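A short worksheet on the structure shown next.
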Amino acid sequence: MTKGISPLIASVLLIAITIAVAAVLATWVTTYTEKSLPTTTCVGGSMAFVSAEYPKWSDGSIVACIEAQYVSLGDFQIEVLLNDDTVQRFNDITDTSIAPGATGCIRTEQLTFAKSDVKSIKILTNCTNVNLQSILK
């Protein structure tokens, strides 16, 4: 007569191994998706300047007051295209977040170039498909 482990112990071991494998897979899938999907797309989102005077040059920095339409916006960056076709990107120093339908103003740090050096600007957000391009006023 051969002896083996009892059916109860075999069942407990089988369940424990299954849970361990599931935990390892869940950790791997979570890490993989966070690394491969770092951007956010906001379906139907858009933004607009609150008036025709924006974006504008103010005391050596760029200021833009905008309205978020349909989605919350944040993590603003202002991308500046200079006349020599170089691009510089600046973070919003006000750390503004704007709720859908609300308005807010963003601002760059003090810039090292003149207003006359700027060809155009582009405002970028946390939503990869929501941006706004304009000339500086």
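What to note about this one:
- Filtering 108, 103, 125 for residues that are out of contact with any Leu (no Cβ under 9 Å at 6 or more places or on another chain), hydroxyl-bearing (Ser, Thr, Tyr), buried (at least 18 other Cβ atoms within 10 Å of the Cβ) and touching a residue at least 40 places away in the same chain (Cβ under 8 Å) leaves a single hit, 108.
- Output for the range 115-137, where each listed residue is over 13 Å from residue 54 (Cβ atoms), touching a strand residue (DSSP E or B) at 6+ places or on another chain (Cβ under 9 Å) and among the small types (Gly, Ala, Ser): 120
- Scanning the range 89-121 for residues that are within 15 Å of the chain's Cα centre (by Cα) and closer than 20 Å to residue 67 by Cα turns up 90, 91, 92, 95, 96, 97, 98, 99.
- Residue selected from the range 46-89 under the condition assigned to a strand (DSSP E or B) and among the hydroxyl-bearing types (Ser, Thr, Tyr), by the criterion farthest from residue 130 (Cα to Cα): 58
- Top-ranked residue of the range 1-45 - restricted to ones that are among the hydroxyl-bearing types (Ser, Thr, Tyr) and part of a helix (DSSP H, G or I), ranked as modelled with the lowest pLDDT: 36
- In a residue-by-residue description of the range 101-111, the property of being in a strand (DSSP E or B), of a type in the set (Gly, Ala, Ser) and either assigned by TED's automatic domain parsing to the domain that holds residue 55 or farther than 19 Å from residue 59 by Cα (or both) applies to at least one position.
- Restricting the first member to the range 82-99 and to residues that are assigned by TED's automatic domain parsing to the domain that holds residue 72 and more than 15 Å from residue 72 (Cβ to Cβ), and the second to residues that are in a loop (DSSP other than H, G, I, E, B) and among the β-branched types (Val, Ile, Thr), the beta-carbon pairs closer than 7 Å and six or more apart or on different chains are 90/108; 93/108.
- Meets criteria (closer than 21 Å to residue 136 by Cα, exposed (fewer than 11 other Cβ atoms within 10 Å of the Cβ) and either acidic (Asp, Glu) or out of contact with any Pro (no Cβ under 6 Å at 6 or more places or on another chain) (or both)) for residue 84: yes
The values are calculated or read from the model by the stated rules, or taken from the named source; none is laboratory data. Quantities reported herein were computed from a predicted structural model and do not represent experimental measurements. So basically every Cβ, Gly included, is an ideal-geometry build from the backbone, and we count neighbours across all protein chains shown.
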